[in-house]
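Engineer: Structure below; questions to follow.
The values are calculated or read from the model by the stated rules, or taken from the named source; none is laboratory data. This one's a predicted model, so the numbers in the text were calculated from it and none came from an experiment. Cβ coordinates were reconstructed from backbone atoms using ideal geometry, including for glycine residues, and neighbour counts include every protein chain displayed. Keep in mind that these areas ignore ligands, DNA and RNA; they rest on the heavy atoms of the full protein, side chains included. Shrake-Rupley method; radii C 1.70, N 1.55, O 1.52, S 1.80 Å.
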Amino acid sequence: KYYKVAEASISNKWQSTDSCWLIQNLEDTIALGKAFIHKIPNLKIVLLEGPLGSGKTCFVKGMANALKINEPITSPTFPLAQHYLSGNIPLIHLDLYRLENYKAANELFFQEEEEAKTLGALIVIEWPERLNFFLPEAWKITIEYRSFDERLVHLSPPQIPDRQAKTS
């Protein structure tokens, strides 16, 4: 289903079967990130995919807003990781864009994952395709350009690997 997103319509129309939203501006992106936190309990890992400038960090701003984080949310492209500890739940925001070597990306992820577990934090990863392993417990958000001023946001729930599905 596709929805024009506004703060009120997200919170009233979010259903478990909804997986795509058509958004038109930064406010919509932030509102969707905020609604995502409110509607999906116990998040641990979120993967954010999309081209440069598609709104991934704005989505994280909405998530941080819902977590009551009052610090400015900035893209961690150069520092690679930002830690926000002031909210209801800590947030660790990774950006793997500059790590073209999967070994470096994996190492950073595992280091930050250990800290997230210690803090009880949510990890949000931009450019997760730099990792070379599967995170079945992660929610995936994909943002793609539809036109100059529209983005399509697709939500994918956690996946169960085939070998686990067969033994369950």
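Engineer: Considering every residue within segment 141-156, establish whether at least one is more than 21 Å from Asp28 (Cα to Cα), open to solvent by 30 Å² or more (accessible area, probe 1.4 Å) and at pLDDT below 95.
Structural biologist: Scanning segment 141-156 turns up no residue that is more than 21 Å from Asp28 (Cα to Cα), open to solvent by 30 Å² or more (accessible area, probe 1.4 Å) and at pLDDT below 95.
Engineer: Does any residue in segment 120-139 that is over 15 Å from Ser54 (Cβ atoms) come within less than 8 Å, Cβ to Cβ, of a residue that is among the polar types (S, T, N, Q) and surrounded by fewer than 11 Cβ atoms within 10 Å (Cβ to Cβ) six or more places away or on a different chain, and which pairs are these?
Structural biologist: So the pair list comes out as Pro136/Gln164.
Engineer: Assess whether Glu115 counts as being in contact with a strand residue (DSSP E or B) (Cβ under 9 Å, 6 or more places away or on another chain), of a type outside the set (A, V, I, L, M, F, W, C) and either without any contact (Cβ under 8 Å) to a residue 12 or more places away in the chain or open to solvent by 70 Å² or more (accessible area, probe 1.4 Å) (or both).
Structural biologist: For Glu115, the condition - in contact with a strand residue (DSSP E or B) (Cβ under 9 Å, 6 or more places away or on another chain), of a type outside the set (A, V, I, L, M, F, W, C) and either without any contact (Cβ under 8 Å) to a residue 12 or more places away in the chain or open to solvent by 70 Å² or more (accessible area, probe 1.4 Å) (or both) - is met.
Engineer: Return yes or no: is Thr74 modelled with pLDDT of 95 or more, closer than 18 Å to Ile30 by Cα and of a type in the set (Ser, Thr, Tyr)?
Structural biologist: no
Engineer: Mind telling me which of the residues Leu94, Leu80, Leu131 ends up being crowded, with 16+ Cβ neighbours inside 10 Å and at positive phi? First the steps, then the outcome.
Structural biologist: On the way: Leu94 fails: at positive phi; Leu131 fails: at positive phi.
Of the residues listed, the single one that is crowded, with 16+ Cβ neighbours inside 10 Å and at positive phi is Leu80.
Engineer: Taking segment 31-63, which residues are in a helix (DSSP H, G or I), in contact with a helix residue (DSSP H, G or I) (Cβ under 8 Å, 6 or more places away or on another chain) and open to solvent by less than 30 Å² (accessible area, probe 1.4 Å)?
Structural biologist: Across segment 31-63, the qualifying residues are Ala31, Leu32, Gly33, Ala35, Phe36, Ile37, Cys58, Phe59, Val60, Gly62, Met63.
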